[in-house]
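Reviewing the structure listed below.
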Amino acid sequence: MTRAASHDEAREELGAAALDALPPAEQAAVLAHVAACAECRAELAAYGTVAACLAAAVAAVPVDPARRAQVRARLLARAAADARRGELRAAGPVADVPVVTPGPANRPAAAPAVPVASPTPAVSGESRAEARARRRWGTAAWLAAAASVAFVVAAAGLVRTSRERDTLRVALRATEERAAARADSLGAMSAALADKAQMLDAITGPSVRVVELTGAGVREPIARMFWDRASNRWTMVAHNLPMPPAGRTYQVWLVTPHAKISAGTFEPSPAGDATVRAEYALDSAALQAVAVTEEPDGGMPQPTGRMVILGAADRANR
Amino acid sequence: MDDLELVRRMSEGDERALGVLYDRWVTAVHSIVLRLVGDAAEAEDVVEDVFWQAWRQAGRYEPTRGGVSTWLLTIARSRALDRVRALRRHREETVPLSPTAEDVASGSPTPAGVAELSERAALVTAALQDLPREQREALELAYYGGLSQTEIAERTGQPLGTIKTRMRLAMQKLRGRLTMLGGAGA
């Protein structure tokens, strides 16, 4: 929220504010006060007119005639296309500015059609317009002042429009990225949740067999293999497993009388924990043991390395 | 047909009215834009922007806020300063020091036909010339150079407070002188 300048502070700076020459924060503070102070509104309006007069002091430099015609043709083509889209009428007048009965602007459109090529300025028309403007300033000075402030503020706004548009564009992009990231993380959470639910099913179902695996050592690795015979899902939860040496990994085996079937490779967490899951249909009588060996990275078709933990299936059979 | 009527027609989607307004004011708009932007090609671009904005916002023009010329020239300065600042950001260059009021006064006269403007130009030029040099400089750097008070202080090596005082006095004096233009005194 912009802090409004005090009346005295604002009054000192109204001339500079009309020139849009104050540092941005100061300009905003002055305009915030002006919005609430009729006296300063009138002052700023007066200075705004002074500022606009400075444009008139510039030496006239005509545009190159060919370029002038090009720009004119381009503008008219754009305007014609714009008018066809009907966007102009949709934009409408600004509602929050007081309307003083403008002479010709409210007249029914009985005036002759606008001549297309009329480079001669309507001097007398301009004078009439200026006379009307002066009259209105006299009879409705406060209204004019208020409106002029709106004009100055609007003009200052225009300066910022392109900057604000860029800022908004960046903000929109950031918002979209955040939304996308949220959708991603939501998807990941749902997936993780579904995964956990599936795992819970696989180790708590009525047809789950449990094989306890144990090793030898001071801090003994232990593991439990849950075999859900209904879904053929295998879930092994292990603890106290040391990190395998570089280039080596752990591999899980389902041992049957005829084969040692790989159930996948894994590495434990730094804390020594691991969860390994596999799906494999096996005759319920065939499982003799579950083993974990240390193998080269990527695993082997048959166990070749050191046995880390082993559990006999018959121990788990109830 | 006067400018008010042209703007009204523009607000109703009559692009021929924009053409007439363009023919009438393009030199004045181009002059202030070129003065601020300092580059002919950039200035042409900005001139098109100015009239396009006038077309798009014709429905919001309020006669009580000032004449059509004031409206157009205010748009022109805003668009030109936008361009100056954008170019400055890109090039990291400083804008050349603006010509002084003497340069303004010795420039070519405003085109015949834009009577109101040339009358105003003479008054404004005279009023500017009557300002003490350092006050005029502060005002011109702000209006024509698009510099903030802070930037003017840096450029001139003067304290910010001094620049603020100069600008305030300059605007007060100009306002006093220009009140006779009608509307400037509010």
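Could you check the simple spin-label distance between B:Thr162 and A:Ala281, using points 7 Å along Cα→Cβ, in nm with one decimal?
Between B:Thr162 and A:Ala281, the label points sit 9.5 nm apart.
Any chance you could get the radius of gyration and Dmax over the Cα atoms of segment A:260-318, in Å?
Radius of gyration, then largest Cα-Cα span, for segment A:260-318: 12.6, 36 Å.
Treat segment A:208-288 as a sphere of radius equal to its Kirkwood radius over Cα pairs and apply Stokes-Einstein at 10 °C in a medium of 1.306 mPa s; give the translational diffusion coefficient in µm²/s, rounded to a whole number.
Estimated via Stokes-Einstein, D reaches 119 µm²/s.
Could you run the Karplus curve 6.51 cos²θ - 1.76 cosθ + 1.60 with θ = phi - 60° over segment A:49-66 and give me ³J(HN,Hα) per residue in whole Hz, x for Gly and Pro?
5, 4, 4, 5, 5, 4, 5, 6, 7, 7, 4, 6, 10, x, 7, 3, x, 5
Can you list the lysines whose alpha carbon sits under 24 Å from that of B:Lys173, skipping same-chain ones fewer than 8 residues off?
Within the straight-line cut-off, B:Lys173 pairs with B:Lys164.
Roughly how crowded by other chains is peptide B:168-179, in terms of the mean Cβ count from those chains within 10 Å of each of its Cβ atoms?
Mean shielding count: 5.
Just how far, in whole angstrom, is segment A:20-45 from segment A:241-318 if you go by their alpha carbon centroids?
Here the two parts' Cα centres lie 78 Å apart.
If eta is 0.890 mPa s and T is 25 °C, what Stokes-Einstein diffusion coefficient results for segment B:1-93, Kirkwood Rh from Cα pairs, in µm²/s?
It diffuses with D of about 183 µm²/s by this estimate.
Work out, step by step, the length gained on full extension between A:Ala28 and A:Met243: first 0.36 nm times the residue separation, then minus their alpha carbon distance; give nm to one decimal.
In short, 71.1 nm is gained.
Using the beta-carbon distance between A:Ala73 and A:Arg173 and R0 = 45 Å, what value does 1/(1 + (r/R0)^6) give for FRET efficiency, to the nearest 0.05?
E between A:Ala73 and A:Arg173, to the nearest 0.05, is 0.80.
Might you report the magnitude of the Cβ-based charge dipole of segment A:208-316 about its Cα centre, with Lys and Arg at +1 and Asp and Glu at -1, to the nearest 20 debye?
140
Extending each Cα 7 Å along its Cβ direction at B:Ala41 and A:Arg84, get the distance between those two points in nm, one decimal.
3.1
Throughout, read-outs are computed from the coordinates displayed, never taken from laboratory work. Just so it is clear, the model here is predicted, and its values are computed rather than measured. Neighbour counts are summed over all protein chains in view; Cβ atoms, including those assigned to glycine, are modelled from backbone coordinates with ideal geometry.
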